[in-house]
Amino acid sequence: MKYWSERLWELRRYPSALLGMAIIFCLVGLSIVTVSAIPYDEAIDRWRGGDYWRMHPRNAEPAWLDRLQGGNKPKTLIISSLAAETESVAFTGGKRLKIPLHFDYNFSEFPSEINLFLKSGKHTREPFARLTWHTPDGREIPLGGRRITSSDRFSISQDWALERRLGLLPHVGLLARPGTDSPEVLPGRYTLVLDAVLFDETAEITAELVVYGRVHGLAGTDHQRRDLLLALLWGTPIALAFGLLAAVGTTLTTLVIAATGVWFGGRLDAAIQRLTEINMILPLLPILVMVGTLYSTSIWLMLGVVVLLGIFSASAKMYRGMLLPIRESPYIQAAQAYGASDSRIILHYLVPRILPVLIPTFVTLIPAFVFLEASLAVLGLGDPVLPTWGKVLNDAQNESALYNHYYYWVLAPALLLMLTGLGFALLGFALDRVFNPRLRRI
Amino acid sequence: MNPSQNPSIPKNAEGLVRDLKLMLLFTGKRIIALALMVLIGVYLTILIANMGGRVDELRLVQIRSEISEAVRGDLSFRELNSDERNRLIQRRVDLEVQRLNLDRPFLLRSFNYLYRAMLLDLGRAEQMHSDQGSREVHAIILERLPATLLLFGTANLLIFFLSVYIALWLSRHYGSLIDRIVIVLAPTSAAPAWFYGIFLILFFAFLLPILPAGGMVEAPPPLGRRDYALSVLKHMALPVLAMLLSQIFISIYSWRTFFLIHSSEDYVEMARAKGLPSRMIERRYILRPTLAPVITSFMLMLISMWSGAIILERTFSWPGLGTLIFQAIGHHDTPVIIGSVVIFAYLLAFSILVLDIVYGIVDPRVRIGAKR
């Protein structure tokens, strides 16, 4: 025990080790916070996409990135009818509602989309609604009207008739200063007036006008409106768990197998050696690709295959070389003399002797597996449901994020991957110097 | 390297002949051993690819649908009623199943697959075809192989020689600023080459558009041989740089440490005390005894690079084996995927063989067979 605490205490002399540990602690802390804040099922359910994200803009960049560059790109504005001053005029057999939805628009760029979500209820006959757009300079643009089902949406941005009338995309034309060649935002207070006729005394209608921005939150959004923050946060525990489990699984099994071979010697040792050589021929990544295509891309299956192929990895030869001299040492003979069983000798006497040498390798292996997971995801073989960094990168690549200048989409997961890699590598290198006596002299 | 130049061996003809014999024997042994390894490796691949009979089911479905399509489309069978037609389809399916030996137990067929895979008869692709229109899997793969070999051969050799050379220099100037910079940068190699590739594309292809973002030659390939080569070179620059970035620092670092450990050996100190020039010390006293581990590590690097090829090629749309596998995934083209795994196994075995032979030349103990 003393040996370990002394070695670990020595680490404080290496600033790189401290930095590495700080990064790892941050990542572990982030994972714990994430897992407790967003439950696993909820994360998976949300990442599947769909209606949950309907109020989010598509491909919006992080807000802070734009503000840092001195930009003033629009944020998403959500104007609900619940806060609006509704005028209600009753008539026999129904009522007429006039709901003005005000918003102040002072951004330098046009919104990316405009939608109106409508909900109506407690009625026997579907209500009818008519929309009018009021601009700050007093123009009124009718947006048409129609019957409203219980949950309806007006996709104002996709109104082709309106686009033809304005000569511009609706979300540009509705907010543009009239009479200019290149469209330019007219700042001020806009109002969308919803004129609804309800055919029931008790009927209700609520409306939500969403003026989608071009920036969103801390991490931006992707092409399916999903907030990237979710994937970036949830990617952390997944990456760490995969890296750690794979590293533990491969190194420990290899070590135990090598020790077993060394202890029993003879045919078993020879068989293990041959298996190691065969394993060298098997290309890990292509086999993973094959398994992923033929069976399933579940991250746990991949983990299993990685560990299975890692059992007889080339490092078994290295461990064998280290263990052979230990086998002959007097303390092993002593253990044999007092009647220790084979498994006791292997697990309690042989394996612990070379564990210190293994620790640095083990720590530097973790990022390798983290990147392996990302690599598989980049190939399109990521876990089908889990949000991971690699899958974000894959989505970005499929949507040509670099070509479309959505740099944040690539950079955020890449930086997190790099940070994980650096953290473990820094610690691993320092550990190598501490635990490897030959390196300490130089 | 000619064995006769090796001073540890008698320079007469007898010694040379004995050496050649030993070398041939050693090579033969290694070839047999590696062939056995490939045999078992490929068989394992076939087992994995066929686990649970999934591939057979797919093939049965495919055969059935192809035959029903053919029968339905054939005008001469138009008069048949549905019962007769179904019987006809069934009979043809049975015949086809018999022809493909699908009715025989998997164990027997697996050896048939193995035999064909070993002869590189990898079957026909389901969806993909080579640029010349062939559907043979081996034609598709052979077409892509040169591109992979060109890119990875160049990058590997560059990394190897550059890092050994710089490491030797650093081991002499150990503790200098450059030395410390290399130590600080070594952990950056935790990221694989494709990862740096993304950033390189971002910088050199989009922010500062001086190099192409992907591909191997310009879209209409240049006509002249020189222009063609230049275009390929230009497209190679970024992927090679990506591999260099991801490997070079760790490589220099580990060589530097390795050489430093070895330069503190007594015989090196002795040579230094004798006042030998540092070049000679490096060549005769440091490099020669460490040549075997240097080659081993080069071999391991080569093997890991082969696997990394898939993703780097995908990132740079380099038309090699990696991109092929990626496309095969997209098409769910099982024969191509399995064929690529087999080819990768062969490539790995071949790399190991070449390096074994080099090892045998460098280290006399290896070819004599290390009789203890």
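The values are calculated or read from the model by the stated rules, or taken from the named source; none is laboratory data. In this text the structure is predicted, and so the values were computed from the model without any measurement. Cβ atoms come from the backbone with ideal geometry, glycine included; neighbour counts cover every protein chain shown.
Data for the structure
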read-out	value
Out of B:Thr315, B:Thr290, sole residue that is within 9 Å of another protein chain (Cβ to nearest Cβ) and of a type in the set (S, T, N, Q)	B:Thr315
Unique residue being outside the structural domain of A:Leu230 (by the TED database), farther than 30 Å from A:Ala176 by Cβ and out of contact with any Leu (no Cβ under 8 Å at 6 or more places or on another chain) when the list is A:Phe91, A:Phe107	A:Phe91
Matching residues, the range A:336-350, being assigned to a helix (DSSP H, G or I) and surrounded by fewer than 17 Cβ atoms within 10 Å (Cβ to Cβ)	A:Gln336, A:Ala337, A:Asp342, A:Ser343, A:Arg344, A:Leu347, A:His348
Every residue from the range B:185-202 that is among the aliphatic types (A, V, I, L, M) and either modelled with pLDDT of 80 or more or not in a helix (DSSP H, G or I) (or both)	B:Leu185, B:Ala186, B:Ala191, B:Ala193, B:Ile198, B:Leu200, B:Ile201, B:Leu202
Every pair of residues 6+ apart whose Cβ atoms lie under 6 Å, when the first sits in the range A:265-287 and is at the interface with chain B (Cβ under 7 Å from one of its Cβ atoms) and over 23 Å from B:Ser297 (Cβ atoms) while the second is among the hydrophobic types (A, V, I, L, M, F, W, C) and surrounded by fewer than 22 Cβ atoms within 10 Å (Cβ to Cβ)	none
Subset tally (residues that are without any contact (Cβ under 8 Å) to a residue 40 or more places away in the chain, within 23 Å of A:Asn106 (Cα to Cα) and in a strand (DSSP E or B)) for the range A:144-183	0
Criterion violated by A:Leu365 - all others in (1) touching a Lys or Arg at 6+ places or on another chain (Cβ under 8 Å); (2) touching a residue at least 60 places away in the same chain (Cβ under 8 Å); (3) in a helix (DSSP H, G or I) satisfied	(1)
Residue satisfying all of: in the range A:289-303; over 22 Å from the mean Cα position of the chain (by Cα) and not in a loop (DSSP other than H, G, I, E, B); nearest to B:Ile329 (Cα to Cα) among these	A:Thr293
Some residue of the range B:203-222 being over 28 Å from A:Pro413 (Cα atoms), modelled with pLDDT under 85 and facing chain A (nearest Cβ under 9 Å)	no
Members of the range A:85-126 found to be polar (S, T, N, Q) and more than 30 Å from A:Pro57 (Cα to Cα), listed by number	A:Ser88, A:Thr92, A:Thr124
Wholly within the range A:72-135, strands (runs of 3 or more DSSP E) carrying at least 1 residues that are buried (at least 19 other Cβ atoms within 10 Å of the Cβ)	A:77-80, A:94-105, A:113-121, A:128-134
Number of positions in the range A:393-430 that are over 21 Å from A:Asn59 (Cβ atoms), more than 12 Å from the chain's Cα centre (by Cα) and either crowded, with 20+ Cβ neighbours inside 10 Å or facing chain B (nearest Cβ under 8 Å) (or both)	12
Qualifying positions in the range B:243-297 - β-branched (Val, Ile, Thr) and closer than 19 Å to B:Val182 by Cα	B:Ile248, B:Ile250, B:Ile252, B:Thr257, B:Ile261
A:Tyr349 closer than 30 Å to A:Trp64 by Cβ and in the same structural domain as A:Val307 (by the TED database)	no
Any hit, the range A:324-333, residues being within 14 Å of chain B (Cβ to nearest Cβ), more than 24 Å from the chain's Cα centre (by Cα) and either under 30 Å from A:Ile287 (Cα atoms) or outside any helix (DSSP H, G or I) (or both)	no
Residue satisfying all of: in the range B:133-191; away from chain A (no Cβ under 14 Å) and among the polar types (S, T, N, Q); surrounded by the most Cβ atoms within 10 Å (Cβ to Cβ) among these	B:Ser163
Every residue from the range B:315-351 that is touching a Ser or Thr at 6+ places or on another chain (Cβ under 6 Å) and without any contact (Cβ under 8 Å) to a residue 12 or more places away in the chain	B:Ile329
